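S.K.: Following this message is one structure expressed as structure tokens.
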Amino acid sequence: MHKAGRAMAALGALLLTVTACGGQSGEAGGDGQIRITLVQGLAGEEFYETMACGAKAKAKELGVTLDVQGPQKFDPTLQTPIVNSVVASKPSAMLIAPTDVKAMIAPLTQAKQQDIKIILVDTVVEDPSIGLSRISTDNLKGGAAAAKALSEQIGGKGKVLVISTDPGVSTVDARIKGFEEEVKANHPGITYLGVQYSHNDVTEASKIVNAALAKDSDLAGIFAANLNSATGAGSALQQAGKLGQVKMVGFDAGPAQVKQLKDGVVQALIAQLPGDIGAKGVEQAVAAVRGQQVTPSIPTDATIVTAANVDQPEVQKVLYKAGC
Ligand code: T6T
């Protein structure tokens, strides 16, 4: 082969090699395109849809590709196969809200071993080595704020029940801890009835409230630790004609919850900033892929929404949306 010919052949071969390995996970693709996948805790739910909107807007701004996937139930057995298929698609980075602190460690360890940059948004896993950055509401503080708001509503005394999703979900577990510590420390007049779990099911949450009302007709207050628990608890209070008689504080600010607030079913909502969490997640993922500084822990704010401030423009901005 002519010398020049041989050189061209060698160059050709070299080019081929680069393209082949350019698609490595954890890096920008051969085309320099950074590809990120957001794995939600629950597809279609307003908290995670609002998060996806924030992530998409930031991805567009930074010129990176983002796709969004999520399970039909907030369940690690449904989220794991999604993570496995994402890993097989070799993205540069993955944003994920793990649905269980233990069960999601194994699939995420696989992703990490494939050098996929992992950013934890909203929830976390127990293994601190997973997640280059963890971005979430300060849920302990949020739970304490809910206790203060509820205690104010019931005049600091009476029976109080907490409704959560499932043990092993880092966010709601922290909210309960914050709530219980605040009640124990500063609200001696409150009789704490403990926490019951709705498995993130609206109907189940309603059943729990109906049973609680049958057992304790003098129930004074309810703290519902997330969107579906709150929506279900609220509709049970409405059906039982307990509006305003049993006070409620709910975490999150989905459309159904905002309607319940305006109807006087619930007295206060703790609105997180899921859009912010999504946007910051993309920022940290891009920084990680580009080998730049990554911030290990980013707490995001929350806003107490009441019937008095819900129509204010700055509060309207934090209410969750079903789509972008
Ligand atoms: O409260 C949010 C989220 O923060 C939590 O981790 C799971 O439940 C929600 O998505 C609301 O349903």
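The values are calculated or read from the model by the stated rules, or taken from the named source; none is laboratory data. All values derive from a computational prediction rather than experimental measurement. A quick note on method: Cβ atoms are made from the backbone with ideal geometry, for glycine too, and the neighbour counts reach across all protein chains shown. Areas reflect the complete protein model, heavy atoms only, side chains present, ligands, DNA and RNA absent. Shrake-Rupley method; radii C 1.70, N 1.55, O 1.52, S 1.80 Å.
S.K.: Give the residues of the range 147-179 that are assigned to a loop (DSSP other than H, G, I, E, B), open to solvent by 40 Å² or more (accessible area, probe 1.4 Å), out of contact with any strand residue (DSSP E or B) (no Cβ under 6 Å at 6 or more places or on another chain) and within 14 Å of the ligand (Cβ to nearest atom), sorted by residue number. I'd like the intermediate steps shown before the answer.
M.R.: So the first thing to find is which residues in the range 147-179 are assigned to a loop (DSSP other than H, G, I, E, B), and the list is 154-157, 165-169.
Adding the requirement that they be open to solvent by 40 Å² or more (accessible area, probe 1.4 Å) leaves 155, 157, 166-167.
Narrowing the set further to residues that are out of contact with any strand residue (DSSP E or B) (no Cβ under 6 Å at 6 or more places or on another chain) leaves 155, 157, 167.
Correct list: P167 only.
S.K.: Quick one: how many residues across the range 70-100 are within 16 Å of T123 (Cβ to Cβ), open to solvent by 10 Å² or more (accessible area, probe 1.4 Å) and not in a helix (DSSP H, G or I)?
M.R.: The total comes to 5.
S.K.: Of the conditions (1) under 17 Å from the mean Cα position of the chain (by Cα); (2) open to solvent by less than 40 Å² (accessible area, probe 1.4 Å), E182 clears all except one; give me its number.
M.R.: E182 satisfies every listed condition except (1).
S.K.: Regarding the range 297-318, can at least one residue be identified that is open to solvent by 40 Å² or more (accessible area, probe 1.4 Å) and farther than 30 Å from I222 by Cα?
M.R.: yes
S.K.: Here is a list of conditions, (1) over 27 Å from K321 (Cβ atoms); (2) surrounded by fewer than 18 Cβ atoms within 10 Å (Cβ to Cβ); (3) of a type outside the set (G, A, S); (4) away from the ligand (no atom under 16 Å from the Cβ), and Q238 meets all of them except one; can you say which number that is?
M.R.: (1)
S.K.: Continuing with this model, one more query. Residues that are open to solvent by less than 50 Å² (accessible area, probe 1.4 Å) and within 15 Å of the ligand (Cβ to nearest atom): does the range 206-222 have at least one? Walk me through how you get there before you give the answer.
M.R.: Our first condition is that a residue be open to solvent by less than 50 Å² (accessible area, probe 1.4 Å); within the range 206-222, this holds for 206, 208-209, 212-213, 216, 219-222.
Within this subset, residues satisfying the condition of being within 15 Å of the ligand (Cβ to nearest atom) are none.
So far as the range 206-222 goes, no, none of its residues is open to solvent by less than 50 Å² (accessible area, probe 1.4 Å) and within 15 Å of the ligand (Cβ to nearest atom).
S.K.: State the number of residues belonging to the range 130-146 that are outside any helix (DSSP H, G or I), within 12 Å of the ligand (Cβ to nearest atom) and touching a helix residue (DSSP H, G or I) at 6+ places or on another chain (Cβ under 6 Å).
M.R.: Taking the range 130-146 as the starting set, the residues that turn out to be outside any helix (DSSP H, G or I) are 130-138.
Those still in the list that are within 12 Å of the ligand (Cβ to nearest atom) too: 135-138.
If we keep only those that are touching a helix residue (DSSP H, G or I) at 6+ places or on another chain (Cβ under 6 Å) too, we end up with 135.
Selection size over the range 130-146: 1.
S.K.: Now a separate question. Would you pick out the residues in the range 189-205 that are in contact with a helix residue (DSSP H, G or I) (Cβ under 6 Å, 6 or more places away or on another chain) and open to solvent by 10 Å² or more (accessible area, probe 1.4 Å)? Talk me through it step by step, then tell me what you get.
M.R.: First pass over the range 189-205, keeping only residues in contact with a helix residue (DSSP H, G or I) (Cβ under 6 Å, 6 or more places away or on another chain): 190, 192, 195-196, 198, 200, 202, 205.
Hits for the range 189-205 are I190, Y192, V195, Q196, N200, V202.
S.K.: Find all pairs meeting these conditions: Cβ atoms under 9 angstrom apart; at least six residues apart or on different chains; first residue within the range 103-128 and assigned to a strand (DSSP E or B); second residue basic (K, R).
M.R.: I118/K112; I119/R134; I119/K280; L120/R134; V121/R134; V121/K280
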